[in-house]
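The values are calculated or read from the model by the stated rules, or taken from the named source; none is laboratory data. Being a predicted model, the structure only gives us computed values, none of them experimental. All Cβ positions, glycine included, derive from the backbone under ideal geometry; neighbour counts span all protein chains shown.
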Amino acid sequence: MMETKQGTSLYLIVKEKLLQLIKSGMYKIGDQMPTESELCKEYDVSRTTIRQALQQLELEGHIRRIQGKGTFIAKPKISESLTLNILTFVEQMKNLGVSSQSKVLELILIPADCTLAETLNIEEKDPVIKLVRLRNADSEPLQYVTSYLPWRVAPGLISDDITGSLFTLLSTKYEVKIHRSVESIEPILIDELVSGFLEVPVGSPSFSLESMTYNDKDQPIEYSLSIVRGDRFKFTMERFLNE
């Protein structure tokens, strides 16, 4: 039986040992890990302990468990820095050396309900462009994004090719001067609809990224809600102490 350090849970010790094997390259990306029974024998612990250790590794994005197939070593998470500069998804991925693609799932014109009207500072029933996209990095689905734009901002957008950067298109074709955005991030669990597009189980940890973008006249030009895979993404921030 493994010995524990005082005050340290046994599953955390097992988790750290497995993590060391992953970081050392003993387990490589895509490799299948031993079964729970095999790990129980190797570390001389209960199945409950192994499951807790694997759950922690999965939450941290080091492994991916596929029902009926087993446990596999996952790709390192993509790290997005929270900065004061507005960067498009294409620019963010390019900076990380990752190729990006966007697939348009829906592009329609809808009348603004009372909530959208208030959010976008327009009249109720004014035309609004609804754009739903699936964003991929290296052909892997990462984000499910729903955007709403007042029709007056880009009247011809409904017929445009939006598989690239939306902000670049708004700036170049429609001469929209993007000035600032306000964003908020919350942890959520993925629902059935989005799980199918992001190819993860229902209830998987994820991030909800809500964003409001304004032009140089401080008028709302886009409201968006992005569902971001928690197993593939992490957000980082650098701060300094005021002395």
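Residues that are under 23 Å from residue 232 (Cα atoms), at pLDDT 75 or above and touching a strand residue (DSSP E or B) at 6+ places or on another chain (Cβ under 6 Å) do occur in the stretch 74-82, at least one of them. Go through the stretch 141-150 and give me each residue that's within 19 Å of residue 220 (Cβ to Cβ) and crowded, with 18+ Cβ neighbours inside 10 Å. Scanning the stretch 141-150 gives 145, 147, 148, 149, 150. So, in the stretch 192-233, of the ones that are aliphatic (A, V, I, L, M) and in contact with a helix residue (DSSP H, G or I) (Cβ under 7 Å, 6 or more places away or on another chain), which residue ends up nearest to residue 150 (Cα to Cα)? The extreme case among them is 221. The sole residue among 122, 110, 129 that is over 20 Å from the mean Cα position of the chain (by Cα), part of a loop (DSSP other than H, G, I, E, B), at pLDDT 95 or above and of a type outside the set (D, E, K, R) is 122. Candidates are the residues of the stretch 42-79 that are of a type in the set (Asp, Glu) and part of a helix (DSSP H, G or I); the one that is surrounded by the fewest Cβ atoms within 10 Å (Cβ to Cβ) is 42.
Residue-by-condition table, conditions (1) in a strand (DSSP E or B); (2) of a type in the set (Val, Ile, Thr); (3) over 24 Å from residue 126 (Cβ atoms):
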| residue | (1), (2), (3) |
| --- | --- |
| 145 | yes, yes, no |
| 179 | yes, no, no |
| 196 | no, no, yes |
| 211 | yes, no, no |
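Is it true that residue 116 is surrounded by 13 or more Cβ atoms within 10 Å (Cβ to Cβ), modelled with pLDDT of 95 or more, assigned by TED's automatic domain parsing to the domain that holds residue 222 and outside any strand (DSSP E or B)? The answer is yes for residue 116.
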